[in-house]
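Student: I'd like to ask some things about the structure below.
The values are calculated or read from the model by the stated rules, or taken from the named source; none is laboratory data. Values in this document were obtained by computation on a predicted structure and should not be read as measured data. Positions of Cβ are generated from backbone atoms using ideal geometry, with glycine treated the same way; all protein chains shown enter the neighbour counts.
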Ligand code: KG4
Ligand code: ZN
């Protein structure tokens, strides 16, 4: 039997300072997340400078707690992995610098990991039977990607958003109807009280790509609806707006995913990213998959949001392939999936 591989992973690409210890890519020994959400809520969104400063304050405590929770010392880990892109440059730099210092000090290999690869790999943690190839819909605050996972670390992007990410649209619409930040979970909750058919919002389609997404037109349609109600003196029912907007997003996400599976002959679909914890999306995707005999996978909400366990999961498959980063590893804010 081959030796166990234990990885200390660090994630600081946006507003969560996180560290985790993961064994063999699937077993989470610890998963520590310090969320800065309360700080950023005051400003209605993530303030990059505040995020970087908070990461600096918290990173050492979070890493230490991850080792303590796993009952391990630094000498017990086989490698140190860190998200090096995409994300906010100042935020990424804190995690990258910490990981480099820790790896150098403890004389351990260093691995730079792609944030989206992490989100996709979160699915491996609770689904021991899930192995590539499969399809994955990545929906977060910064990304909307429909990906064919051909092998570990091998991705073909079938479609992506041409403007706003799905989570970004949730956040902007939530702000417009007065729900505050972060909007996704609030729209998810309020939608239970609303009628998803109350308002006919648009579902964007492209002539030249069946898989690409666009959410900025939908966001504008919601804003126009709110303005026109105000001008006409009509009452707005926030729950109906939330439910109708959410349904429009879900219809597109489910529709594109099913089309991809049909055209590619795929039999397995996973979802990932912050928006993947949306209960209505999960239910709709699960129902669509069941109807077509497709196996459906999704991480628990704590593994959908930004976390380091997902980085440890992705890092394992890179580690066993022999991938290593040098001490010249840098933050790459616009890093593309599949690029090193
Ligand atoms: O993956 P994530 O934690 O950070 C990024 O990498 O962006 O995703 C955060 C996004 C936010 O836009 C948030 O509003 C959205 O995920 N989100 C949700 C839900 N929970 C979080 N969107 C819809 N429904 C939810 N339940
Ligand atoms: Zn993320």
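Student: Examine region 85-96 for a residue that is touching a helix residue (DSSP H, G or I) at 6+ places or on another chain (Cβ under 9 Å), closer than 16 Å to residue 20 by Cβ and away from ligand 2 (no atom under 16 Å from the Cβ), and state whether such a residue exists.
Tutor: No, that holds for no residue.
Student: Between 159, 183, which is without any contact (Cβ under 8 Å) to a residue 24 or more places away in the chain and in contact with a helix residue (DSSP H, G or I) (Cβ under 8 Å, 6 or more places away or on another chain)?
Tutor: Being without any contact (Cβ under 8 Å) to a residue 24 or more places away in the chain and in contact with a helix residue (DSSP H, G or I) (Cβ under 8 Å, 6 or more places away or on another chain) holds for just one of 159, 183, which is 183.
Student: Can I ask one more? Out of all the residues in region 7-17, is one or more more than 13 Å from ligand 1 (Cβ to nearest atom), over 18 Å from the mean Cα position of the chain (by Cα) and within 23 Å of residue 128 (Cα to Cα)?
Tutor: Yes: region 7-17 contains one or more residues that are more than 13 Å from ligand 1 (Cβ to nearest atom), over 18 Å from the mean Cα position of the chain (by Cα) and within 23 Å of residue 128 (Cα to Cα).
Student: Name the one entry in 278, 195 that is more than 29 Å from residue 131 (Cβ to Cβ) and either exposed (fewer than 15 other Cβ atoms within 10 Å of the Cβ) or within 16 Å of ligand 2 (Cβ to nearest atom) (or both). Steps first, please.
Tutor: Numbers: 278 fails: more than 29 Å from residue 131 (Cβ to Cβ).
Step by step, each of 278, 195 is checked, and only 195 is more than 29 Å from residue 131 (Cβ to Cβ) and either exposed (fewer than 15 other Cβ atoms within 10 Å of the Cβ) or within 16 Å of ligand 2 (Cβ to nearest atom) (or both).
Student: Another question, if that's okay. Across region 112-139, what is the total count of residues that are within 9 Å of ligand 1 (Cβ to nearest atom) and modelled with pLDDT under 95?
Tutor: 0
Student: Here's a follow-up. Return the only residue of 183, 159 being outside the structural domain of residue 36 (by TED's automatic domain parsing), at pLDDT below 95 and either farther than 24 Å from residue 42 by Cβ or crowded, with 23+ Cβ neighbours inside 10 Å (or both).
Tutor: 183
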